[in-house]
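The numbers here are math on the coordinates, done by the rules we state, and not lab data. For clarity, every value in this text was computed on a predicted model and none was experimentally measured. Positions of Cβ are backbone-derived with ideal geometry, glycine not excepted, and every protein chain shown enters the neighbour counts.
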Amino acid sequence: MNDLIPVDTPLSVREQKELAGLEQIIKKNFLGFVAVGKALAEIRDKRLYRTEHGRTFDTYCRELWEMSRDYADRLVGAAQVMDNLTTIVSKTDDNLPKLLPTNEAQARELARLEPEDQQQVWLQVLEETKEGAPVTARRIKNRVKSFKGEVFDKARAKIEKNINDLPDRKNGIKRSEAIQKVWGSFWDQVNEERASNWRYTSRQALFDDIESLLELVGMIDGPERRERGCAMELSDREKLAKAGFRIFRLRPKKLVIEEWQERDSWVTVTGSETMQQLAARYKELMLDPMHVKG
């Protein structure tokens, strides 16, 4: 019967009220991911999932809720995005639901950014969305990709400017035309790899190649190179710390071992007079499964 109603038939007043009521039900259930994400975060952070058999959070999610750890983490991240965005929206504003993501898919795209960048990108999305048009996860995803590209382009421009300015700013520094062409090609390829989301070349592989080049031209030695690495992002460290892990890094030049603290600060936990003793101590620390390299 309803299939016979033409799609261009205007809604009656009764139908408009019915639609509004049903949409409220959908909206409330969509926003349920926030409560689920917060609950999962608390269970994870307080280790409420543990049992005498040593159950892990991964096992807890899979056995009790039939969800993967990755999906649980996405829910947690999406809930954190919602909390973060409420700081830029007046909680007394009647339009609050319209100014925040309405589902987990939208929030998940923003979770790929740092908190301050999430706010900036979300405001850009709202500004770019025509009045009355829906804010979709695809629109947010495109804006996130664009934002990351802008950050990359700014970093590239800054480095290229430094490269071009070096001969004039520092005496004795020379660069052949061939090297300048090579660097131009290198940046173009890096941009292609980034655009493919590092599908063919991982960021770690690229970082290792650059480190090898630095070592080759004598800028760093072996021990100092080992202290470096493609560092975890701040959000990654925060997740590990909340899960009960301790993050350490080796500083060969200073002959110390440092531990990561909140707000991305590091404190010295031990030192040594020789690199051999320091390396032995670091190796001992890494034997604990709750200790990770930062």
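With a simple spin-label model that places each label point 7 Å from the Cα along the Cα-to-Cβ direction, the separation between THR268 and LYS254 comes to 0.7 nm. Treating r as the C-beta distance of LYS293 and ASN142 and R0 as 30 Å, the FRET efficiency rounds to 0.30. Net length available on complete extension from ALA39 to GLU238 is 69.9 nm, with 0.36 nm assigned per residue and the Cα-Cα distance removed.
Give me log10 I(q)/I(0) at q = 0.12, 0.14, 0.15, 0.29 Å⁻¹ for the range 232-294, Debye formula, one equal scatterer per alpha-carbon, no solvent. Calculated log10 I(q)/I(0) at the listed q: -0.28, -0.38, -0.44, -1.24. Sorting VAL256, VAL267, VAL151 by the number of Cβ atoms found within 10 Å of their own Cβ, with the fewest placed first, yields VAL267, VAL151, VAL256. Model label sites at TYR71 and ASP188, defined 7 Å from Cα along the beta-carbon direction, differ in position by 4.4 nm. Of the peptides 142-150, 272-280, the order by per-residue mean of other Cβ atoms within 10 Å, starting with the highest, comes out as 142-150, 272-280.
Cβ-Cβ distance of VAL13 and SER196, R₀ of 45 Å, FRET efficiency by 1/(1 + (r/R0)^6): the value works out to about 0.30. Return the whole-Å distance between the Cα centroid of the range 179-217 and the Cα centroid of the range 44-71. The range 179-217 and the range 44-71 have Cα centres separated by 39 Å. Note on GLU211, GLU23: ascending count of other Cβ atoms within 10 Å places them as GLU23, GLU211, the fewest first. When each of LEU110, LEU216 is scored by the number of other beta-carbon atoms lying within 10 Å, the sequence from fewest to most is LEU216, LEU110.
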